[in-house]
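Visitor: My questions will all concern the structure given below.
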Amino acid sequence: MSAPPLIQLQDVVKTLGANRVLDGVNLSIHRGEITAIIGKSGSGKSVLLKHIIGLLEPDEGSILFEGRRRAAMSPPEKKALRQKFSYVFQETALFDFLTVVENVALPLAERKHAVPAEIQRRVRDKLSQLDLYDVDHKYPAQLSGGMKKRVALARALVTEPDIVLFDEPTTGLDPIRKNAVHSMISDYQRRFGFTGVVVSHEIPDIFFIAQRVAMIDGGRIRFEGTPEDIQQAPDSEVRNFIEGLESPRDPMTGIASHSIGQQHLRREMSRLQRHRKPFSIVLMAMDHPENIDRIAGHMASQKLLKRFADHVIQNSYLTDTCFRYAINKIMVLLPDTDEGQAHSFCRKISRTLRQSALFDALDKSRHVGYTLSAGVVQARPDSGLEELIAAAEKEQAVFYEGRKE
Amino acid sequence: MFSLVTLKTPVAAIGREVLGFTRNLGRLFLFFARGFLLIFQPPIQFDKIRQQIFFIGMKSVFVICLTAAFTGMVLGLQGYYALVKYGSTAALGSAVALSLVREMGPVLTAVMVIARAGSAMAAEIGIMRISEQIDALKTMDVNPLRYLISPRIAAALVCFPLLTAIFDVVGLFGGYLSGSALLGVNPAFYFSRAQSSVETGDIIGGFIKALVFAVVTVTICCYQGYYTHTRAEFGAKGVSISTTSAVVISCVLVLLTDYVLTTFLL
């Protein structure tokens, strides 16, 4: 028998005032996964999140942690459970009477056996990872909305929690910062293996980092599954909701969105099968962005990706399709191109990359090395799209090495 | 049509009100009891208590001195014109000193601190509530009662008696200013009568009042702020109503408990 899910909501009902906000929610959250909760405004996403952490108690139903009901736990057990959690509030909920440093230090300073020097070190680490410089002694009221968001993230992550609940962590941030926050969540999940629950409107970006997606509608979970599942959900309501939010262009890089790219891929595949029109795909990736993140901050890797995307666009023809394939991957679809021509396309990009100072994108002058890799595959009429992409991933090899001295 | 229901409705309404009132009273008491006990939970929050003492105590000193001086001066004036009819102006010292130490000192100190610090407490905690800062404390496993309320209770218990003492002394000199310096009562009589008539019991009684007022004031003001979100009004409106009711309820309760305490202490 497999282990029970880390968190399980069973028939949770909550009425606030005259409003039945949650009407029998059933949801499982598994250890080490990022679960995205999507849904219309006012559909009870935040209320659901507050039930998970225990700020609200359900009227009916129960919430289980590793198979045990929270309501049946003893006070010390509840306390131990609470210490595993962190919560990023939608409106940041920063302490307005404390400075940025004091805000971020508070969850550590209020714990028993806190060592001031250690706290200072961890606070400073988190602030620099989130690109927060020269704001240490400012008060939240003196910061911009985006900065407050990042301070709130720093405060939630400084305790290195097991479970982090994010209530719209990227609302109000610009596209680069949005991507930086997403890449940070994803990077931290890989490094520390935390379990994340993210309430988000960022479709499709959130699908790049989430392993599971749940859509809440009318107080119930309308859909639960992987990001791939939800994009092909049979329920037209679910699909309409997703397509309504999705913009045809990726806001950060300006290249096509994931779903547009998928459409073009399917079209080219059928052209190949019917009319024998060849095409190739190039899957380009920034390798180990976390190395850049750790040295130069999460903004750096995203700025770099944006610059890289600019180069790809400049070198491609009008008929080519560049689209965001994953958080750090760009796919280029080259119609009427064989593998040899696709390779020369890659060489052309690497040439222009060498001529330009890609790293001007980074303001903080630090030594950072990075590599870009590409996988080139020509489509065959007898293979499916999945096989084609899998082949491209397998083919990936470093085609450009950059270094900032 | 007359029915039993119409007869029962007003009774039920009274019952609901009484039950609601009793429930609130119970919540208020538990709020104070928890906040008070958490003062002693190690590690004791000396730094936060110190900050609150500065805010409640130190920053009130000027206002307290000003009020005390004028209260003493008015007592001197009124006392003089009342006593001069009986030719016993020498008793002015005891009249001023006793009314200050027993009544005016503790009560007016409490009222001034409510106006200055109590309203600020209710507003500050109310804003923390509506901006989810109190929820944020809970998510960090920080007990909001211990973090926000306990230091304020501790600080009030320290500050109220001290401020009352300052009030008494400044008021006494205020009475001297109007009674002796302006109206010509012999200063030696004034001070010796003041000294001889005030007994240790009076001073202790005054301090007991100050301590009780500290508890009443802080509990009401923090409670009003802390439960801002349970009001029918939301946001800034809710905070403004919380602040108003904090000031009104604690002032009324201070005067009410003053009467009760006086009957026991006399």
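Visitor: For residues that are under 20 Å from B:Q224 (Cβ atoms) and among the polar types (S, T, N, Q), scanning just region B:8-46, find the one that is modelled with the lowest pLDDT.
Guide: B:N24
Visitor: Only one of these conditions is not met by B:I249: (1) among the aliphatic types (A, V, I, L, M); (2) more than 15 Å from the chain's Cα centre (by Cα); (3) closer than 18 Å to B:G118 by Cα. Which number is it?
Guide: (2)
Visitor: Given region B:166-266, what helices (runs of 4 or more DSSP H) lie entirely inside it while holding 3 or more residues that are crowded, with 23+ Cβ neighbours inside 10 Å and in contact with a helix residue (DSSP H, G or I) (Cβ under 7 Å, 6 or more places away or on another chain)?
Guide: Hits in region B:166-266: B:200-226, B:235-265.
Visitor: Which residues, counting only those in region A:258-290, are assigned to a helix (DSSP H, G or I) and closer than 17 Å to A:F323 by Cα?
Guide: A:H258, A:S259, A:I260, A:G261, A:Q262, A:Q263, A:H264, A:L265, A:R266, A:R267, A:E268, A:M269 - these are the residues of region A:258-290 that are assigned to a helix (DSSP H, G or I) and closer than 17 Å to A:F323 by Cα.
Visitor: Would you please name the residue that is surrounded by the most Cβ atoms within 10 Å (Cβ to Cβ), looking only at residues in region A:162-180 that are assigned to a helix (DSSP H, G or I) and over 11 Å from the mean Cα position of the chain (by Cα)?
Guide: Once the filter is applied, the top-ranked residue is A:R177.
So that you can scan it fast, the table gives a plain yes or no per residue for (1) buried (at least 18 other Cβ atoms within 10 Å of the Cβ); (2) in contact with a Ser or Thr (Cβ under 8 Å, 6 or more places away or on another chain); (3) modelled with pLDDT of 90 or more:
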site	(1), (2), (3)
A:P4	no, no, no
A:Q8	yes, yes, yes
A:V12	yes, yes, yes
A:L16	no, no, no
A:G32	no, yes, no
A:L48	yes, no, yes
A:I52	yes, no, yes
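Visitor: Which of the numbered conditions does B:L148 fail, given that it passes all the others? Conditions: (1) out of contact with any Cys (no Cβ under 8 Å at 6 or more places or on another chain); (2) within 14 Å of another protein chain (Cβ to nearest Cβ).
Guide: Exception for B:L148: condition (1).
Visitor: Please determine, by comparing only the residues of region B:40-57 that are under 20 Å from the mean Cα position of the chain (by Cα) and hydrophobic (A, V, I, L, M, F, W, C), which one is surrounded by the most Cβ atoms within 10 Å (Cβ to Cβ).
Guide: Per the stated criteria, the residue is B:I56.
Visitor: Then there is this: Here is a check on your reading of the model: is A:R70 closer than 23 Å to A:T195 by Cβ and not assigned by TED's automatic domain parsing to the domain that holds A:I295?
Guide: When the stated conditions are applied, A:R70 passes them.
Visitor: Just one of (1) in contact (Cβ under 8 Å) with a residue 24 or more places away in the chain; (2) outside any loop (DSSP other than H, G, I, E, B) trips up A:M147, so point out which.
Guide: Failed condition: (1).
Visitor: Only one of these conditions is not met by A:F207: (1) closer than 22 Å to A:I37 by Cβ; (2) modelled with pLDDT of 85 or more; (3) outside any helix (DSSP H, G or I). Which number is it?
Guide: The number of the failed condition is (3).
Visitor: Sticking with this structure for a sec: Looking at the structure I just gave you, is A:G196 under 24 Å from A:V13 (Cβ atoms) and surrounded by 15 or more Cβ atoms within 10 Å (Cβ to Cβ)?
Guide: Spelling it out, it is not the case that A:G196 is under 24 Å from A:V13 (Cβ atoms) and surrounded by 15 or more Cβ atoms within 10 Å (Cβ to Cβ).
Visitor: Mind listing just one residue for me: the one in region A:95-114 that is in contact with a Leu (Cβ under 8 Å, 6 or more places away or on another chain) and part of a helix (DSSP H, G or I) and, of those, surrounded by the fewest Cβ atoms within 10 Å (Cβ to Cβ)?
Guide: A:V101
Visitor: For region A:98-110, which positions are free of Cβ contacts under 8 Å to residues at least 12 places away in the same chain and either more than 28 Å from the chain's Cα centre (by Cα) or away from chain B (no Cβ under 13 Å) (or both)?
Guide: Matches in region A:98-110: A:A109, A:E110.
Visitor: Okay, moving on. Can you tell me which residue within region A:303-354, out of those that are surrounded by fewer than 17 Cβ atoms within 10 Å (Cβ to Cβ) and in contact with a Pro (Cβ under 8 Å, 6 or more places away or on another chain), is farthest from A:D187 (Cα to Cα)?
Guide: It comes out as A:D336.
Visitor: Hey, another quick one. Just checking, which of A:V158, A:V123 is surrounded by 15 or more Cβ atoms within 10 Å (Cβ to Cβ) and within 13 Å of chain B (Cβ to nearest Cβ)?
Guide: It is A:V158.
Visitor: Taking region B:58-91 as the search range and keeping residues that are among the aromatic types (F, W, Y) and surrounded by 12 or more Cβ atoms within 10 Å (Cβ to Cβ), which one is farthest from the chain's Cα centre (by Cα)?
Guide: If we take residues in region B:58-91 being among the aromatic types (F, W, Y) and surrounded by 12 or more Cβ atoms within 10 Å (Cβ to Cβ), then B:Y80 is farthest from the chain's Cα centre (by Cα).
Visitor: Let me ask something else. In a helix (DSSP H, G or I), out of contact with any helix residue (DSSP H, G or I) (no Cβ under 8 Å at 6 or more places or on another chain) and charged (D, E, K, R): does that describe A:D293?
Guide: For A:D293, the condition - in a helix (DSSP H, G or I), out of contact with any helix residue (DSSP H, G or I) (no Cβ under 8 Å at 6 or more places or on another chain) and charged (D, E, K, R) - is not met.
Visitor: Another question, if that's okay. Which ones in region A:381-393 are in a loop (DSSP other than H, G, I, E, B) and either without any contact (Cβ under 8 Å) to a residue 60 or more places away in the chain or small (G, A, S) (or both)?
Guide: A:D382, A:S383, A:G384
Visitor: Taking region B:31-75, which residues are of a type outside the set (F, W, Y), touching a Cys at 6+ places or on another chain (Cβ under 8 Å) and closer than 14 Å to B:N143 by Cα?
Guide: B:G35
Visitor: If a residue must be of a type in the set (A, V, I, L, M), more than 21 Å from B:K209 (Cα to Cα) and touching a residue at least 40 places away in the same chain (Cβ under 8 Å), how many such residues does region B:67-119 contain?
Guide: Here the count works out to 6.
Visitor: From the residues in region A:126-140 that are away from chain B (no Cβ under 14 Å) and part of a helix (DSSP H, G or I), which one is surrounded by the fewest Cβ atoms within 10 Å (Cβ to Cβ)?
Guide: The residue in question is A:S128.
Visitor: Within region B:180-204, how many residues turn out to be in contact with a Gly (Cβ under 8 Å, 6 or more places away or on another chain) and at pLDDT below 90?
Guide: The qualifying residues number 1.
Visitor: Kindly indicate whether A:I260 is surrounded by fewer than 23 Cβ atoms within 10 Å (Cβ to Cβ), closer than 27 Å to A:D229 by Cα and of a type in the set (V, I, T).
Guide: The answer is yes for A:I260.
Visitor: Given the options A:M299, A:M284, name the one that is in contact (Cβ under 8 Å) with a residue 24 or more places away in the chain and closer than 14 Å to A:S373 by Cα.
Guide: Unique residue meeting the criteria: A:M284.
Let's see how each residue does on (1) of a type in the set (G, A, S); (2) modelled with pLDDT under 90:
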site	(1), (2)
A:A71	yes, yes
A:P75	no, yes
A:A80	yes, yes
A:Q90	no, yes
A:T99	no, no
A:A105	yes, no
A:H113	no, yes
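Visitor: Taking the options B:A136, B:A154, name whichever one is small (G, A, S), away from chain A (no Cβ under 13 Å) and not in a loop (DSSP other than H, G, I, E, B).
Guide: Going through B:A136, B:A154 in turn, just one is small (G, A, S), away from chain A (no Cβ under 13 Å) and not in a loop (DSSP other than H, G, I, E, B): B:A154.
Visitor: To continue, here is another question. Go through region A:364-405 residue by residue and tally those that are at pLDDT 80 or above and of a type in the set (K, R).
Guide: Number satisfying all stated conditions: 2.
Visitor: Only residues that are within 9 Å of another protein chain (Cβ to nearest Cβ), farther than 19 Å from A:G218 by Cα and in a helix (DSSP H, G or I): list them for region A:38-94, please.
Guide: A:I53, A:K79, A:R82
The values are calculated or read from the model by the stated rules, or taken from the named source; none is laboratory data. It should be emphasised that the depicted structure is a prediction, and the values quoted were computed from it without experimental measurement. Cβ atoms come from the backbone with ideal geometry, glycine included; neighbour counts cover every protein chain shown.
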